[in-house]
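The values are calculated or read from the model by the stated rules, or taken from the named source; none is laboratory data. None of the values given here were measured: they were computed from a predicted structure. Neighbour counts run over all protein chains shown; Cβ positions are idealised from the backbone, glycine included. These accessible areas exclude ligands, DNA and RNA; they are computed on the full protein's heavy atoms, side chains included. Shrake-Rupley method; radii C 1.70, N 1.55, O 1.52, S 1.80 Å.
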Amino acid sequence: MRYATVTLTWKTGSIHPLDELFASIDDVSMESIRYLSPIRDGEYIELLTFRGDPDRVRDRLADSSHALEYGVSGDEGGQRGVAYVTCRNVGLVADLLSILQDHDIVLDWPIRYRDEVAHGVRGFELTVIGTGDAIQQAAAILPEEITLEVQRIGEYDLTPRPHDAGLTERQQEVFDVATRLGYYEIPRETTQAEVAAALDIATGTVGEHLRHIEAKFARAHAHNGSSR
């Protein structure tokens with residue numbers, strides 16, 4: 001059994017109507033799709049998280065013909081929130097889910113949006129689980145609008161992954177860059193200074209992030225071990 005963590009990107013438009021709706025709200029953007037499933041007559045139920053003012057999201061959903069039913073809640077600071085939406089369609093995301101289902105591939109929720117992929121390019125990161133052949137076959141028939149980049153691939157096990165450990169968005173970004181540059185290889189293929197240069201932040205800041213990341217992974221691993 002294999003897993004693959006990949007980034008899917010698109011250069012124009014939106015592959016998800018709710019993404020387009022959120023992008024039209026000032027200072028609001030989708031953060032992740034926590035769950036999405038068809039329910040009846042071509043309708044879908046979706047649970048997503050976002051960054052920004054929950055009141056603005058609530059107002060825009062109320063005016064949208066795309067959202068049939070919805071509920072929105074936010075944190076005390078009004079900077080992040082979660083939305084539960086019943087909608088008519090989910091664009092190309094439905095095609096992606098169909099491809100996974102047809103190849104007996106499991107999606108490891110959530111799907112995380114990645115605004116920092118490149119200037120003018122939107123994308124999200126997801127992890128899938130299945131046989132190596134099934135994952136390769138699914139990747140070969142993605143819609144032409146989608147570009148795939150493999151971030152990590154290997155044998156699936158119960159080792160905690162970033163979202164299991166509760167990393168913040170910034171910690172997730174630092175972890176991804178450090179992993180890609182080989183910081184966790186043996187022997188190490190990069191330094192904290194090189195990771196910092198890639199992120200355009202101070203070396204000390206990278207070191208602090210990595211200490212917090214490693215502590216969270218240790219706690220998550222200890223928790224998983226004690227529950228087995």
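Ignoring solvent entirely, what values of log10 I(q)/I(0) come out of the Debye formula for the chain at 0.08, 0.11, 0.18 Å⁻¹ when each Cα is a single scatterer?
-0.33, -0.63, -1.50
Using Cα pairs closer than 8 Å and at least 6 residues apart in sequence, work out the relative contact order for the chain, in percent.
Numbers: 372 pairs, mean separation 51.0, N = 228.
Rounded, it is 22 percent for the chain.
Taking all protein chains as present, what is the carbon and sulfur share of the accessible area of segment 1-62, in % to the nearest whole number, probe 1.4 Å? Walk me through the numbers on the way to the answer.
Working: 1300 of 2920 Å².
The value for segment 1-62 is 45 percent carbon and sulfur by accessible area.
Quick one: check the C-alpha center-to-center distance for segment 127-151 versus segment 50-70, whole angstrom.
When both Cα centres are located, 32 Å separates them.
Send over a whole-number figure in Å² for the accessible area per residue of the chain, probe 1.4 Å.
Dividing the accessible area of the chain by its residue count gives 54 Å².
Using the scaling law 2.2 N^0.38 Å as the reference, what is the normalised Cα Rg of segment 1-100? If you can, show how the numbers build up before the last one.
On the way: Rg = 13.9 Å, N = 100, 2.2 N^0.38 = 12.7 Å.
Ratio of Cα Rg to 2.2 N^0.38 Å: 1.10.
Multiplying the sequence separation of residue 62 and residue 27 by 0.36 nm and subtracting their Cα-Cα distance, what value in nm do you get?
Working it through step by step, the gained length comes to 10.8 nm.
Provide Rg and Dmax in Å for segment 25-160, with only Cα atoms included in the calculation.
In order Rg, Dmax, the Cα atoms of segment 25-160 give 16.3, 46 Å.
Could you give the length gained on full extension between residue 89 and residue 137, defined as 0.36 nm per residue of separation minus the Cα-Cα distance, in nm? The partial results should precede the final answer.
On the way: separation 48, 0.36 × 48 = 17.28 nm, distance 2.53 nm.
Gain in length upon complete extension: 14.7 nm.
Between the helical axis of 54-63 and the dominant principal axis of the chain, each derived from Cα atoms, what acute angle in degrees is found, rounded to the nearest 10?
With both axes taken from Cα atoms, the answer is about 30 degrees.
Using R₀ = 30 Å, calculate the FRET efficiency as 1/(1 + (r/R₀)^6) where r is the Cβ-Cβ separation of residue 212 and residue 148; round to 0.05.
Taking R0 as 30 Å, the efficiency between residue 212 and residue 148 is 0.50.
Go ahead and run the numbers for FRET between residue 51 and residue 188, Cβ-Cβ distance against an R0 of 41 Å, rounding to 0.05.
That gives a FRET efficiency of 0.80.
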